[in-house]
There are 2 protein chains.
Amino acid sequence: MAQQDPQNGASEATLPAVSFAALKPHLFVEAPKANVAVAFYKNVFGAEEVSRTLNPKRKADQEIPHVLSAELKIAGSLFLVADTVDDSATPVKSGGNGVVFALETDDVEGAIAKAVKGGAVVDIEGASGEGRVGKVTDPYGYVWQISAPLKKDAEVVA
Amino acid sequence: MAQQDPQNGASEATLPAVSFAALKPHLFVEAPKANVAVAFYKNVFGAEEVSRTLNPKRKADQEIPHVLSAELKIAGSLFLVADTVDDSATPVKSGGNGVVFALETDDVEGAIAKAVKGGAVVDIEGASGEGRVGKVTDPYGYVWQISAPLKKDAEVVA
């Protein structure tokens with residue numbers, strides 16, 4: 001249902017398709033906490049660190065160089081963690097209605113326990129049709145829903 | 001650098017590791033806009049729809065059944081789009097400092113043009129060391145940074 005462009009009648013659907021090589025959520029954390037946030041995601045969610053780029057400019061005047069971008073991987077999915085620096089044009093608050101990071105595991109309780117031990121706070125914990133489910137907010141304000149792998153029974157209706 | 005637990009000296013790192021089958025960002029959109037949001041991500045970013053679960057409860061009293069969860073894929077990465085319903089326990093605003101969804105493509109200008117045609121607003125557009133880069137906010141409040149694929153020169157220092 002592409003929106004029609006009043007000026008020249010072209011809609012985004014008629015513009016040439018663009019292909020993307022990657023989609024990575026980029027989590028901004030109040031500087032200089034990205035370093036500790038990366039350690040949290042590695043210790044608590046077993047994230048694997050793929051690469052890390054430090055901010056060269058900052059090294060001189062403070063011990064912990066700010067993290068420009070640390071690339072992490074959980075279950076084959078890449079995400080980035082970075083320090084928010086005041087002079088960066090990064091939006092401090094995304095306007096969206098809220099992003100929740102859904103993690104699927106067969107050990108929901110173990111994952112929640114580990115998150116809490118690492119400093120996360122449990123928002124909700126209970127059971128759904130698909131088994132145990134919990135939602136935690138990590139020390140950097142990001143919300144993670146931990147549930148059993150979703151069954152693939154929904155059909156595509158669009 | 002696992003945080004020590006004062007009570008029993010255990011830290012999250014010593015708890016048994018938990019493995020995850022998937023990590024999917026879950027984008028909540030003000031109901032009933034998830035339907036149109038899914039069309040936007042398909043038309044503008046070429047997302048592929050993998051599955052869709054509708055809210056059975058809602059079908060009776062309004063035309064557009066709310067989307068409980070639409071699973072989409074861009075560049076092999078899965079993400080979910082869902083209607084936020086008042087009675088759901090979904091946090092309307094995630095507390096994090098802001099999530100930006102990083103899209104990597106060789107056609108940054110084409111991608112930005114398509115996003116704007118679809119109703120997104122350009123926040124920033126320019127060039128960085130790695131080529132053209134732009135940041136757009138989509139009609140649902142989510143921020144997408146569109147840039148050329150990042151070169152892999154950063155070393156892991158942790």
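Observations on the model:
- Rel. contact order, % - alpha carbon contacts under 8 angstrom, at least six apart, the stretch A:92-151: 39 percent
- Flagged links, alpha-carbon separation over 28 Å, of A:Lys57/B:Lys135; A:Lys114/B:Lys33; A:Lys135/B:Lys33; A:Lys135/B:Lys117: A:Lys114/B:Lys33; A:Lys135/B:Lys117
- Each copy carries a label point for B:Pro16 at 7 Å from Cα along the beta-carbon vector; from one copy to the others these points are 5.4 nm apart, nearest first.
- Derived scalar couplings ³J(HN,Hα) [the stretch B:116-131; Karplus, 6.51 cos²θ - 1.76 cosθ + 1.60; whole Hz; x for Gly, Pro]: 5, 4, x, x, 7, 10, 7, 8, 8, 8, x, 10, 10, x, 9, x
- Whether the stretch A:23-87 is rounded, prolate or oblate, judged on the alpha carbon gyration tensor where a/c under 1.5 counts as rounded: prolate
- Cα lying deepest toward the dipole's positive end in the stretch B:92-151, options B:Ala115, B:Leu150, B:Gly126, charges on Cβ: B:Ala115
- Calculated FRET efficiency for the pair B:Glu48/B:Ala17, C-beta based, R₀ 25 Å, to 0.05: 0.20
- Amide H contacts under 5 Å for B:Ser51: B:Glu71, restricted to partners 5 or more places along the chain or on a different chain, H placed in the peptide plane at 1.01 Å from N.
- Surface share of carbon and sulfur [accessible, 1.4 angstrom probe, percent] for the stretch B:92-151: 55 percent
- Heavy atoms of chains A and B lose about 7100 Å² of accessible surface on contact, summed over both sides with a 1.4 Å probe.
- Value in Å of the Kirkwood radius, where the stretch B:92-151 supplies the Cα pairs that are averaged: 11.9 Å
The values are calculated or read from the model by the stated rules, or taken from the named source; none is laboratory data. Quantities reported herein were computed from a predicted structural model and do not represent experimental measurements. Every residue, glycine as well, gets a Cβ built from its backbone with ideal geometry; the counts of neighbours run over all protein chains shown. Heavy atoms of the whole protein, side chains included, go into the accessibility calculation; ligands, DNA and RNA do not. Shrake-Rupley method; radii C 1.70, N 1.55, O 1.52, S 1.80 Å.
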